[in-house]
Amino acid sequence: MRLIIAIVQNEFSPKLIKSLTAKNYRTTKLSSTGGFLKSGNTTLLIGVETEKVDEVIEIIKEECKGKKVKNGEKEVTVGAANIFILDMEDFMKI
Ligand code: 2BA
């Protein structure tokens, strides 16, 4: 099993969660804040079977887009999603 941690922009998270839920993926939504821009973003925890990882990544690709934002005088590109995939030793529900 894998634990996917996906940091996405707030504006894309409702539709992303809807699409994941429609495909029977379970999610936990955490409100988070980017360390650099200090603005809100969304961190999703998604526990899945290893063979499902690619499908989840595809759904994230479909629902999230990168964008340029002003940071003072400069412009930075916030990615569509920053995704960490962790090997999950075990999962249990009690
Ligand atoms: P923030 O830390 O607020 O970063 C927002 C965007 O600012 C980044 O987009 C990047 O384009 C730029 N940026 C970040 N740090 C920078 C720096 N030291 N110098 C110049 N530009 C910088 P993304 O890379 O797509 O990141 C979006 C959000 O994903 C981040 O928000 C952060 O919350 C998270 N994130 C990205 N990489 C991460 C990592 N390695 N570990 C933990 N969280 C990460």
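The values are calculated or read from the model by the stated rules, or taken from the named source; none is laboratory data. Because the structure is a prediction, the values reported are computed rather than measured. Because the Cβ atoms are built from the backbone with ideal geometry, glycine has one as well, and the counts that use them run over all protein chains shown. Protein only, heavy atoms only, side chains kept; ligands, DNA and RNA dropped before computing areas. Shrake-Rupley method; radii C 1.70, N 1.55, O 1.52, S 1.80 Å.
If each of N24 and L37 carries a label point 7 Å out from its Cα toward its Cβ, how far apart are those two points in nm?
It works out to 3.5 nm between the two label points.
Within the accessible area of the chain, what % is carbon and sulfur when the probe is 1.4 Å and the other protein chains stay in place?
Carbon plus sulfur share of accessible area: 53 percent.
7 Å from Cα along Cα→Cβ at both L86 and T50: what's the point-to-point distance in nm?
Taking the simple label geometry, L86 and T50 are separated by 1.8 nm.
How big is the chain on each of its three principal axes, counting only the C-alpha atoms and giving the largest first in Å?
49, 23, 19
At 1.4 Å probe size, with every protein chain present, just tell me what the per residue accessible area of the chain comes to in Å².
70
Please give me, ordered by residue number, the trypsin sites (Lys or Arg not before Pro) of the stretch 25-94 that lie in loop per DSSP and have at most 15 other Cβ atoms within 10 Å.
Taking the stretch 25-94 and a limit of 15 other Cβ atoms within 10 Å, the loop trypsin sites (Lys or Arg not before Pro) found are R26, K38, K65, K93.
Once the piece of chain linking T77 and I94 is laid out straight, how much longer is it, given 0.36 nm per residue of separation minus the C-alpha distance between them?
Length gained, T77 through I94: 1.9 nm.
When the helix-only estimate is applied to the chain (DSSP H runs of n ≥ 4, each -39,500 (n - 2.57), divided by the residue count), what is the mean residue ellipticity at 222 nm, nearest 500 deg cm²/dmol?
The helix contribution divided over the chain gives -6500 deg cm²/dmol.
Take the residue pairs K15/K70; K15/K52; K38/K68; K29/K52; K61/K93 and return only those whose Cα atoms are more than 22 Å apart.
Long pairs (Cα-Cα over 22 Å): K15/K70; K61/K93.
Measure nothing fancy, just the Cα-based angle from helix 13-22's long axis to the longest principal axis of the chain, in degrees from 0 to 90, nearest 10.
20
GNM on the chain, C-alpha springs below 10 Å: top fluctuator among F36, F12, F84?
Its mean-square fluctuation being the largest, the pick is F36.
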